[in-house]
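Asker: Below you will find the structure I want to go over with you.
The values are calculated or read from the model by the stated rules, or taken from the named source; none is laboratory data. Note that this is a predicted model, so its numbers are computed, not measured. Reconstructed Cβ throughout: ideal geometry from the backbone, glycine too, with neighbour counts over all protein chains shown.
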Amino acid sequence: MNFQDIPPVDNDKHLLDVAFGAGREKAQKVRLKRQKKRSAPLTEARLLEVERIRALSILEKRLMKLTESFPHVSQLPPFYQALMRCFLDVQEFKKTLGAAAWCARRIAAFRQQYERKARGARSVQEARTHRTECYGRISSAVKQIGPELIALERSRRVLRSFPDVQEMFTACIAGFPNVGKSTLLAKLSGARPKIAAYAFTTTTLNLGYITDGYPQVQLIDTPGTLNRFEKMNDVEKQAHLAMEHLAQCMVFVLDLTEPYPLTQQMELLERVRALGKPVLLYLSKADLLQPAVLQAALSRHACLTSADELRRALLEQRKLFKANAA
Ligand SMILES: Nc1nc2c(ncn2[C@@H]2O[C@H](COP(=O)(O)OP(=O)(O)O)[C@@H](O)[C@H]2O)c(=O)[nH]1
Ligand SMILES: [Mg+2]
(Lines give C-alpha, C1' and ligand atoms only; values in the text may rest on other atoms or scores of the structure.)
(Ligands and ions follow the chains in the order given, each with its own letter.)
Protein backbone atom coordinates (compact mmCIF):
# COMPACT_ATOMS: atom_id res chain seq x y z
CA MET A 1 0.00 0.00 0.00
CA ASN A 2 1.51 3.27 -0.98
CA PHE A 3 0.33 6.55 0.45
CA GLN A 4 3.29 8.49 -0.91
CA ASP A 5 1.38 9.45 -4.04
CA ILE A 6 -1.54 11.24 -2.42
CA PRO A 7 -1.16 14.76 -3.81
CA PRO A 8 -0.87 17.69 -1.39
CA VAL A 9 -4.16 19.23 -0.31
CA ASP A 10 -4.58 22.86 -1.33
CA ASN A 11 -6.01 25.31 1.17
CA ASP A 12 -9.24 27.18 0.49
CA LYS A 13 -7.48 30.34 -0.63
CA HIS A 14 -5.36 28.54 -3.18
CA LEU A 15 -8.34 26.60 -4.52
CA LEU A 16 -10.28 29.81 -5.02
CA ASP A 17 -7.32 31.53 -6.66
CA VAL A 18 -7.08 28.68 -9.14
CA ALA A 19 -10.82 28.70 -9.84
CA PHE A 20 -11.14 32.47 -10.24
CA GLY A 21 -8.04 32.42 -12.41
CA ALA A 22 -9.73 29.83 -14.62
CA GLY A 23 -12.79 32.10 -14.74
CA ARG A 24 -10.73 35.09 -15.87
CA GLU A 25 -8.93 33.05 -18.49
CA LYS A 26 -12.21 31.75 -19.82
CA ALA A 27 -13.64 35.28 -19.98
CA GLN A 28 -10.66 36.43 -22.02
CA LYS A 29 -11.02 33.54 -24.44
CA VAL A 30 -14.73 34.16 -24.91
CA ARG A 31 -14.17 37.88 -25.55
CA LEU A 32 -11.49 37.14 -28.13
CA LYS A 33 -13.59 34.55 -29.86
CA ARG A 34 -16.65 36.77 -29.99
CA GLN A 35 -14.81 39.82 -31.30
CA LYS A 36 -15.61 38.95 -34.91
CA LYS A 37 -19.13 37.65 -34.65
CA ARG A 38 -20.66 39.95 -32.17
CA SER A 39 -24.39 39.56 -31.44
CA ALA A 40 -26.63 41.77 -29.36
CA PRO A 41 -25.07 42.93 -26.05
CA LEU A 42 -27.48 40.83 -23.98
CA THR A 43 -26.65 37.66 -25.91
CA GLU A 44 -22.96 38.40 -25.48
CA ALA A 45 -23.34 39.07 -21.75
CA ARG A 46 -25.30 35.85 -21.18
CA LEU A 47 -22.72 33.84 -23.06
CA LEU A 48 -19.81 35.39 -21.22
CA GLU A 49 -21.26 35.03 -17.74
CA VAL A 50 -22.40 31.45 -18.32
CA GLU A 51 -18.87 30.54 -19.37
CA ARG A 52 -17.36 32.30 -16.39
CA ILE A 53 -19.66 30.41 -14.07
CA ARG A 54 -18.99 27.13 -15.82
CA ALA A 55 -15.24 27.66 -15.40
CA LEU A 56 -15.68 27.13 -11.64
CA SER A 57 -16.38 23.45 -12.29
CA ILE A 58 -12.63 23.08 -11.86
CA LEU A 59 -13.35 23.30 -8.12
CA GLU A 60 -15.71 20.33 -8.23
CA LYS A 61 -13.15 18.32 -10.14
CA ARG A 62 -10.35 19.22 -7.75
CA LEU A 63 -12.39 18.43 -4.68
CA MET A 64 -13.66 15.12 -6.05
CA LYS A 65 -10.14 14.13 -7.06
CA LEU A 66 -8.98 15.05 -3.61
CA THR A 67 -11.53 12.84 -1.87
CA GLU A 68 -10.76 9.98 -4.25
CA SER A 69 -7.03 10.23 -3.62
CA PHE A 70 -7.50 9.23 0.03
CA PRO A 71 -8.06 5.60 0.97
CA HIS A 72 -11.36 4.21 2.20
CA VAL A 73 -10.51 3.10 5.71
CA SER A 74 -12.80 0.06 5.67
CA GLN A 75 -11.24 -1.24 2.45
CA LEU A 76 -7.68 -1.17 3.81
CA PRO A 77 -5.80 -4.26 5.00
CA PRO A 78 -5.97 -4.71 8.80
CA PHE A 79 -2.43 -3.41 9.37
CA TYR A 80 -3.24 -0.07 7.76
CA GLN A 81 -6.56 0.14 9.55
CA ALA A 82 -4.67 -0.35 12.81
CA LEU A 83 -2.13 2.32 11.82
CA MET A 84 -4.97 4.70 10.99
CA ARG A 85 -6.67 4.11 14.33
CA CYS A 86 -3.36 4.61 16.09
CA PHE A 87 -2.16 7.76 14.34
CA LEU A 88 -5.34 9.47 13.17
CA ASP A 89 -8.76 10.26 14.49
CA VAL A 90 -10.54 8.04 11.97
CA GLN A 91 -13.98 9.50 12.66
CA GLU A 92 -12.64 13.00 12.18
CA PHE A 93 -10.77 11.93 9.05
CA LYS A 94 -13.92 10.50 7.51
CA LYS A 95 -15.80 13.66 8.41
CA THR A 96 -13.24 15.90 6.73
CA LEU A 97 -13.41 13.80 3.55
CA GLY A 98 -17.19 13.99 3.73
CA ALA A 99 -16.98 17.77 4.02
CA ALA A 100 -14.88 18.02 0.86
CA ALA A 101 -17.36 15.84 -1.05
CA TRP A 102 -20.24 17.90 0.32
CA CYS A 103 -18.55 21.08 -0.86
CA ALA A 104 -18.05 19.66 -4.35
CA ARG A 105 -21.75 18.78 -4.60
CA ARG A 106 -22.78 22.19 -3.31
CA ILE A 107 -20.58 23.94 -5.86
CA ALA A 108 -22.05 21.82 -8.66
CA ALA A 109 -25.56 22.72 -7.55
CA PHE A 110 -24.81 26.47 -7.35
CA ARG A 111 -23.05 26.39 -10.65
CA GLN A 112 -25.93 24.69 -12.45
CA GLN A 113 -28.48 26.94 -10.81
CA TYR A 114 -26.63 30.13 -11.77
CA GLU A 115 -25.76 28.96 -15.25
CA ARG A 116 -29.46 28.63 -15.82
CA LYS A 117 -30.16 32.05 -14.33
CA ALA A 118 -27.43 33.77 -16.37
CA ARG A 119 -28.64 32.10 -19.54
CA GLY A 120 -32.10 33.54 -18.93
CA ALA A 121 -30.98 36.99 -17.78
CA ARG A 122 -33.07 39.85 -19.11
CA SER A 123 -30.35 42.46 -18.99
CA VAL A 124 -26.58 42.70 -19.17
CA GLN A 125 -26.53 43.83 -15.57
CA GLU A 126 -28.68 40.92 -14.46
CA ALA A 127 -26.34 38.41 -16.14
CA ARG A 128 -23.41 39.99 -14.34
CA THR A 129 -25.23 39.97 -11.00
CA HIS A 130 -25.98 36.25 -11.31
CA ARG A 131 -22.33 35.57 -11.93
CA THR A 132 -21.06 37.64 -8.99
CA GLU A 133 -23.66 36.09 -6.71
CA CYS A 134 -22.62 32.63 -7.84
CA TYR A 135 -18.96 33.43 -7.25
CA GLY A 136 -19.80 34.74 -3.79
CA ARG A 137 -21.75 31.67 -2.75
CA ILE A 138 -19.21 29.24 -4.11
CA SER A 139 -16.44 31.18 -2.48
CA SER A 140 -18.10 30.97 0.93
CA ALA A 141 -18.79 27.24 0.47
CA VAL A 142 -15.07 26.70 -0.14
CA LYS A 143 -14.05 28.94 2.75
CA GLN A 144 -16.39 26.97 4.98
CA ILE A 145 -14.29 23.84 4.50
CA GLY A 146 -11.00 25.72 5.05
CA PRO A 147 -10.34 23.98 8.39
CA GLU A 148 -11.19 20.57 6.89
CA LEU A 149 -8.73 21.12 4.05
CA ILE A 150 -6.00 21.91 6.56
CA ALA A 151 -6.92 18.80 8.55
CA LEU A 152 -6.79 16.69 5.39
CA GLU A 153 -3.33 17.95 4.57
CA ARG A 154 -2.28 17.01 8.10
CA SER A 155 -3.78 13.53 7.62
CA ARG A 156 -1.97 13.17 4.32
CA ARG A 157 1.34 13.80 6.04
CA VAL A 158 0.53 11.18 8.64
CA LEU A 159 -0.39 8.67 5.92
CA ARG A 160 2.86 9.42 4.13
CA SER A 161 4.78 8.26 7.17
CA PHE A 162 3.23 4.79 6.93
CA PRO A 163 5.52 2.09 5.57
CA ASP A 164 4.78 0.75 2.11
CA VAL A 165 4.25 -2.94 2.88
CA GLN A 166 3.07 -5.73 0.61
CA GLU A 167 0.48 -8.34 1.44
CA MET A 168 2.75 -11.39 1.49
CA PHE A 169 4.51 -13.75 3.86
CA THR A 170 6.19 -11.48 6.40
CA ALA A 171 8.79 -11.91 9.11
CA CYS A 172 9.55 -9.21 11.66
CA ILE A 173 13.05 -8.90 13.08
CA ALA A 174 12.97 -8.05 16.77
CA GLY A 175 15.61 -7.59 19.44
CA PHE A 176 17.21 -4.96 21.65
CA PRO A 177 18.64 -1.82 20.09
CA ASN A 178 22.09 -2.24 18.54
CA VAL A 179 22.03 -6.03 18.48
CA GLY A 180 22.32 -6.12 14.69
CA LYS A 181 18.73 -6.20 13.38
CA SER A 182 19.36 -3.76 10.54
CA THR A 183 22.63 -5.48 9.64
CA LEU A 184 20.77 -8.78 9.47
CA LEU A 185 18.05 -7.28 7.29
CA ALA A 186 20.74 -6.04 4.90
CA LYS A 187 22.44 -9.43 4.81
CA LEU A 188 19.18 -11.27 4.14
CA SER A 189 17.71 -8.95 1.59
CA GLY A 190 20.24 -6.58 0.12
CA ALA A 191 18.21 -3.69 1.55
CA ARG A 192 20.33 -0.77 2.70
CA PRO A 193 18.96 0.28 6.08
CA LYS A 194 20.85 2.73 8.26
CA ILE A 195 23.32 0.86 10.41
CA ALA A 196 24.93 2.61 13.34
CA ALA A 197 27.52 1.68 15.91
CA TYR A 198 25.26 3.20 18.53
CA ALA A 199 21.62 2.77 19.43
CA PHE A 200 19.75 5.39 17.44
CA THR A 201 16.10 6.13 16.97
CA THR A 202 14.98 4.79 13.63
CA THR A 203 12.56 7.16 11.95
CA THR A 204 10.91 4.68 9.59
CA LEU A 205 10.44 0.95 9.47
CA ASN A 206 13.12 -0.69 7.34
CA LEU A 207 11.80 -3.22 4.84
CA GLY A 208 13.57 -5.81 2.74
CA TYR A 209 12.69 -8.84 0.65
CA ILE A 210 14.16 -12.28 0.36
CA THR A 211 13.91 -12.98 -3.34
CA ASP A 212 14.16 -16.23 -5.18
CA GLY A 213 13.35 -15.12 -8.68
CA TYR A 214 10.61 -12.98 -7.19
CA PRO A 215 9.97 -11.68 -3.66
CA GLN A 216 9.22 -14.55 -1.28
CA VAL A 217 9.54 -13.15 2.21
CA GLN A 218 8.95 -9.62 3.37
CA LEU A 219 11.26 -8.63 6.19
CA ILE A 220 10.56 -5.80 8.57
CA ASP A 221 13.19 -4.48 10.95
CA THR A 222 11.07 -3.81 14.03
CA PRO A 223 12.77 -1.69 16.70
CA GLY A 224 11.45 -1.43 20.23
CA THR A 225 11.28 -3.52 23.34
CA LEU A 226 7.54 -4.19 23.45
CA ASN A 227 6.87 -2.36 26.65
CA ARG A 228 3.67 -0.44 27.22
CA PHE A 229 2.15 0.64 23.92
CA GLU A 230 1.43 4.20 25.09
CA LYS A 231 5.09 4.68 25.95
CA MET A 232 6.36 3.70 22.53
CA ASN A 233 7.54 6.26 20.00
CA ASP A 234 5.80 6.37 16.61
CA VAL A 235 8.14 3.94 14.87
CA GLU A 236 7.95 1.50 17.76
CA LYS A 237 4.17 1.66 17.53
CA GLN A 238 4.32 0.96 13.80
CA ALA A 239 6.70 -1.91 14.54
CA HIS A 240 4.38 -3.33 17.14
CA LEU A 241 1.38 -3.15 14.83
CA ALA A 242 3.44 -4.83 12.11
CA MET A 243 4.26 -7.70 14.48
CA GLU A 244 0.61 -8.04 15.39
CA HIS A 245 -1.00 -7.66 11.98
CA LEU A 246 1.61 -8.54 9.39
CA ALA A 247 4.08 -11.02 10.78
CA GLN A 248 3.52 -14.71 10.13
CA CYS A 249 6.87 -15.40 11.70
CA MET A 250 9.33 -13.63 14.02
CA VAL A 251 13.11 -13.48 13.98
CA PHE A 252 14.63 -12.69 17.35
CA VAL A 253 18.17 -11.37 17.34
CA LEU A 254 20.20 -12.33 20.38
CA ASP A 255 23.48 -10.54 21.02
CA LEU A 256 25.87 -11.90 23.63
CA THR A 257 28.42 -9.14 23.13
CA GLU A 258 26.09 -6.32 24.08
CA PRO A 259 25.81 -4.59 27.41
CA TYR A 260 22.15 -5.64 27.58
CA PRO A 261 22.09 -8.42 30.15
CA LEU A 262 21.03 -11.75 28.74
CA THR A 263 18.14 -11.89 31.23
CA GLN A 264 16.65 -8.70 29.72
CA GLN A 265 17.04 -10.05 26.22
CA MET A 266 15.37 -13.29 27.32
CA GLU A 267 12.48 -11.31 28.80
CA LEU A 268 12.00 -9.57 25.49
CA LEU A 269 12.18 -12.93 23.74
CA GLU A 270 9.32 -14.10 25.97
CA ARG A 271 7.25 -11.06 24.99
CA VAL A 272 7.95 -11.83 21.35
CA ARG A 273 6.95 -15.47 21.88
CA ALA A 274 3.74 -14.26 23.50
CA LEU A 275 2.66 -12.92 20.10
CA GLY A 276 1.94 -16.55 19.33
CA LYS A 277 3.91 -16.82 16.09
CA PRO A 278 6.83 -19.08 15.21
CA VAL A 279 10.09 -17.50 16.43
CA LEU A 280 13.45 -18.11 14.79
CA LEU A 281 16.41 -17.30 17.03
CA TYR A 282 19.43 -15.68 15.46
CA LEU A 283 22.68 -15.14 17.32
CA SER A 284 24.36 -12.04 15.94
CA LYS A 285 28.01 -11.03 16.10
CA ALA A 286 29.12 -14.66 16.42
CA ASP A 287 32.40 -13.50 14.87
CA LEU A 288 33.13 -11.52 18.04
CA LEU A 289 32.52 -14.36 20.47
CA GLN A 290 35.16 -16.62 21.98
CA PRO A 291 34.70 -20.12 20.53
CA ALA A 292 33.94 -21.50 23.98
CA VAL A 293 31.27 -18.85 24.64
CA LEU A 294 29.75 -19.47 21.22
CA GLN A 295 29.68 -23.24 21.81
CA ALA A 296 28.04 -22.78 25.20
CA ALA A 297 25.43 -20.46 23.74
CA LEU A 298 24.64 -22.80 20.86
CA SER A 299 24.24 -25.75 23.19
CA ARG A 300 21.86 -23.75 25.39
CA HIS A 301 19.73 -22.06 22.70
CA ALA A 302 18.68 -23.48 19.38
CA CYS A 303 19.86 -20.53 17.34
CA LEU A 304 21.17 -19.83 13.89
CA THR A 305 24.37 -17.89 13.40
CA SER A 306 24.52 -17.29 9.67
CA ALA A 307 22.28 -15.24 7.46
CA ASP A 308 22.24 -18.03 4.86
CA GLU A 309 20.90 -20.56 7.35
CA LEU A 310 18.31 -18.06 8.48
CA ARG A 311 17.27 -17.31 4.90
CA ARG A 312 16.68 -21.01 4.31
CA ALA A 313 14.76 -21.30 7.58
CA LEU A 314 12.55 -18.38 6.60
CA LEU A 315 11.79 -19.86 3.20
CA GLU A 316 10.93 -23.10 5.02
CA GLN A 317 8.58 -21.19 7.35
CA ARG A 318 6.93 -19.66 4.33
CA LYS A 319 6.41 -23.08 2.79
CA LEU A 320 4.89 -24.40 6.04
CA PHE A 321 2.62 -21.40 6.28
CA LYS A 322 1.42 -21.80 2.71
CA ALA A 323 0.85 -25.52 3.25
CA ASN A 324 -1.22 -24.84 6.38
CA ALA A 325 -3.18 -22.10 4.68
CA ALA A 326 -4.01 -24.33 1.70
N1 LIG B 1 31.17 -7.81 14.30
C2 LIG B 1 29.88 -7.73 14.03
N3 LIG B 1 29.24 -6.55 14.17
C4 LIG B 1 27.92 -6.48 13.91
C5 LIG B 1 27.19 -7.63 13.50
N6 LIG B 1 25.90 -7.26 13.34
C7 LIG B 1 25.84 -5.95 13.62
N8 LIG B 1 27.04 -5.47 13.97
C9 LIG B 1 27.35 -4.08 14.38
O10 LIG B 1 26.53 -3.72 15.49
C11 LIG B 1 26.14 -2.37 15.41
C12 LIG B 1 24.62 -2.25 15.47
O13 LIG B 1 24.08 -2.88 14.33
P14 LIG B 1 22.63 -2.53 13.78
O15 LIG B 1 22.38 -3.47 12.68
O16 LIG B 1 22.53 -1.08 13.49
O17 LIG B 1 21.74 -2.89 15.06
P18 LIG B 1 20.18 -2.62 15.29
O19 LIG B 1 20.11 -1.43 16.19
O20 LIG B 1 19.69 -3.83 16.01
O21 LIG B 1 19.54 -2.43 13.98
C22 LIG B 1 26.74 -1.84 14.10
O23 LIG B 1 27.92 -1.17 14.39
C24 LIG B 1 27.00 -3.10 13.29
O25 LIG B 1 28.05 -2.92 12.39
C26 LIG B 1 27.90 -8.89 13.37
O27 LIG B 1 27.35 -9.94 13.03
N28 LIG B 1 29.23 -8.86 13.65
MG1 LIG C 1 18.45 -0.74 13.35
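Asker: Looking only at the range 223-243, decide whether some residue is free of Cβ contacts under 8 Å to residues at least 12 places away in the same chain and aliphatic (A, V, I, L, M).
Answerer: Within the range 223-243, one or more residues are free of Cβ contacts under 8 Å to residues at least 12 places away in the same chain and aliphatic (A, V, I, L, M).
Asker: Then there is this: Quick one: GLN265 ticks every box in (1) out of contact with any Cys (no Cβ under 7 Å at 6 or more places or on another chain); (2) within 16 Å of ligand 2 (Cβ to nearest atom); (3) at pLDDT 95 or above bar one, so which box is it?
Answerer: (3)
Asker: Could you tell me whether any residue of the range 246-265 is within 26 Å of LEU76 (Cα to Cα), within 16 Å of ligand 1 (Cβ to nearest atom) and of a type in the set (Ser, Thr, Tyr)?
Answerer: No - not one qualifying residue is present in the range 246-265.
Asker: All but one of (1) under 26 Å from ARG62 (Cα atoms); (2) in a loop (DSSP other than H, G, I, E, B) hold for PRO163, so report the exception by its number.
Answerer: Answer for PRO163: the failing condition is (1).
Asker: Follow-up. Would you mind finding the one in GLU126, GLU148, GLU133 that is at pLDDT 95 or above, farther than 30 Å from LEU47 by Cβ, of a type in the set (Asp, Glu) and away from ligand 1 (no atom under 16 Å from the Cβ)?
Answerer: Going through GLU126, GLU148, GLU133 in turn, the sole match is GLU148.
Asker: Hey, another quick one. On the given criteria, is THR67 among the β-branched types (Val, Ile, Thr) and over 30 Å from ALA313 (Cα atoms)?
Answerer: So THR67 passes the test.
For every residue, the table says whether it meets (1) out of contact with any Asp or Glu (no Cβ under 9 Å at 6 or more places or on another chain); (2) within 17 Å of PHE20 (Cβ to Cβ).
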{"site": "LEU47", "(1), (2)": "yes, no"}
{"site": "VAL50", "(1), (2)": "no, yes"}
{"site": "LYS65", "(1), (2)": "yes, no"}
{"site": "HIS72", "(1), (2)": "yes, no"}
{"site": "ILE107", "(1), (2)": "no, yes"}
{"site": "ALA121", "(1), (2)": "no, no"}
{"site": "ARG131", "(1), (2)": "no, yes"}
{"site": "CYS134", "(1), (2)": "no, yes"}
{"site": "VAL142", "(1), (2)": "no, yes"}
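Asker: Next question, about the same structure. Quickly run through the range 211-238 and pick out the residues that are acidic (Asp, Glu) and away from ligand 1 (no atom under 16 Å from the Cβ).
Answerer: Result: ASP212, GLU230, ASP234.
Asker: Can I ask one more? Against the condition within 16 Å of ligand 1 (Cβ to nearest atom), modelled with pLDDT under 95 and within 28 Å of the chain's Cα centre (by Cα), how does ALA191 come out, does it pass?
Answerer: It is true that ALA191 is within 16 Å of ligand 1 (Cβ to nearest atom), modelled with pLDDT under 95 and within 28 Å of the chain's Cα centre (by Cα).
Asker: Also: What pairs can you find where one residue is in the range 289-307 and exposed (fewer than 12 other Cβ atoms within 10 Å of the Cβ), the other is outside any helix (DSSP H, G or I), and their Cβ atoms are less than 7 Å apart, with a gap of 6+ or different chains?
Answerer: ALA302/LEU281
Asker: May I pose another question? Specify which of the listed residues (LEU288, LEU269, LEU246) is farther than 21 Å from PHE169 by Cα and touching a Ser or Thr at 6+ places or on another chain (Cβ under 9 Å).
Answerer: The conditions single out LEU288.
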